[in-house]
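The values are calculated or read from the model by the stated rules, or taken from the named source; none is laboratory data. Keep in mind that what you see is a predicted model, and the values were worked out from it rather than measured. Here the Cβ positions follow ideal geometry from the backbone for every residue, glycine too, while neighbour counts run over all protein chains shown.
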C-alpha cells in the first residue's frame, strides 16, 4: 500500500512550487493562499527580502499550499487505497487529502492555527534540533535550558522548542556533549510545547466550526502525533487541536504505517526530509520524495506503475 506523507514548515525555498506553479489543477490552492497571504505564494517564495517569508504564519500557509498543490496535480493518479499522515502542520493537508475538508478549508484552518499559535507563543520563540544523543541526555538538556521536546523522530533526531536564546544555548551545549549535530530550525514558534497551551482552545473552536467529513473509503488517515487511526473526524478534532501544544512522536507514526502494510511512501514535501526519515525507520519500504521527480508527468507515471514493481 502507498502512503502519502505531508511535511511541516521550515523548508520554504524559492523552488517550493517549481513542479506545480503553472498547473491548472493547483490554481484553487494558489488563489486561496494569495487571499490569506496578501501575495501570490509563487512570487512570495522567490522574494528573499519580503519580511513575511519566514514568519510563522506565512511559513505554515506556504508549506500546506505546497503539499496541496502537488496532491491536486496527482489526485487522479493515486490508487484507490492509500494511507496519509502529516508531520506537524502537515496534518492540515493530510486531513484534506483524506476528504475531511476541501483544500480551501484546509488553508483557512491553517491560517487560524498559525494566528492562534502566534498569539500564544509571542515572537521570541524558536525550534531547534539535536541529533545523536540518547533521549535521557536530551531530556536533561531541555530541563537545564527551560526548553521542551517537540518532536521525536527516528534515528535519534529530536526537535525542541523554547525561547530563542534558550534554544541557541541548548544547541551549543548539545554539541559540547557529543551530539552529531545541533542547530536552529527556521521555525519561529515553539510548536508542540506547553508554551502554546492557550492556542488550543481557539484552534479547536475553528476546527469544530468547520464542516469536517470522515476519511473517504479506501483512505487510511493516521494522526501524525502518534500514528493512531482517524475513523471519525469529530472524535479526532480535540487531539488535532491539542497537537499544537503537545509533543509529536513521528517515529511511532512511521512504525504504525509499516504495521498497516505500507510498502511504498511518497513524501509530498516540502523538501524530502520525511522520505529520508522513512528510509531510516522503514528500510524495507521504498520511499521517494515528490521534489525528486523532474516533472509531474514522471511522478504520475511512477504512481501508475509503482504498484507493479
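A compact table of results
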{"quantity": "Count of region 10-61 residues which are assigned to a helix (DSSP H, G or I) and closer than 21 Å to residue 112 by Cα", "calculated": "18"}
{"quantity": "Unmet criterion (only one of (1) in contact with a strand residue (DSSP E or B) (Cβ under 6 Å, 6 or more places away or on another chain); (2) modelled with pLDDT of 95 or more; (3) under 23 Å from residue 81 (Cα atoms)) for residue 286", "calculated": "(2)"}
{"quantity": "Region 253-274: number of residues that are in a helix (DSSP H, G or I) and either buried (at least 23 other Cβ atoms within 10 Å of the Cβ) or free of Cβ contacts under 8 Å to residues at least 12 places away in the same chain (or both)", "calculated": "5"}
{"quantity": "Scope region 131-147; condition surrounded by 18 or more Cβ atoms within 10 Å (Cβ to Cβ) and outside any loop (DSSP other than H, G, I, E, B); matching residues", "calculated": "138, 141, 142, 145"}
{"quantity": "Sole exception among (1) in contact (Cβ under 8 Å) with a residue 60 or more places away in the chain; (2) surrounded by 14 or more Cβ atoms within 10 Å (Cβ to Cβ) for residue 216, by number", "calculated": "(2)"}
{"quantity": "Residue 249 vs. criteria closer than 23 Å to residue 150 by Cβ, surrounded by fewer than 21 Cβ atoms within 10 Å (Cβ to Cβ) and touching a residue at least 60 places away in the same chain (Cβ under 8 Å)", "calculated": "yes"}
{"quantity": "Condition met for residue 135 (modelled with pLDDT of 95 or more and touching a helix residue (DSSP H, G or I) at 6+ places or on another chain (Cβ under 9 Å))", "calculated": "no"}
{"quantity": "Residue 128 being crowded, with 19+ Cβ neighbours inside 10 Å, touching a helix residue (DSSP H, G or I) at 6+ places or on another chain (Cβ under 9 Å), over 27 Å from residue 230 (Cα atoms) and modelled with pLDDT of 95 or more", "calculated": "yes"}
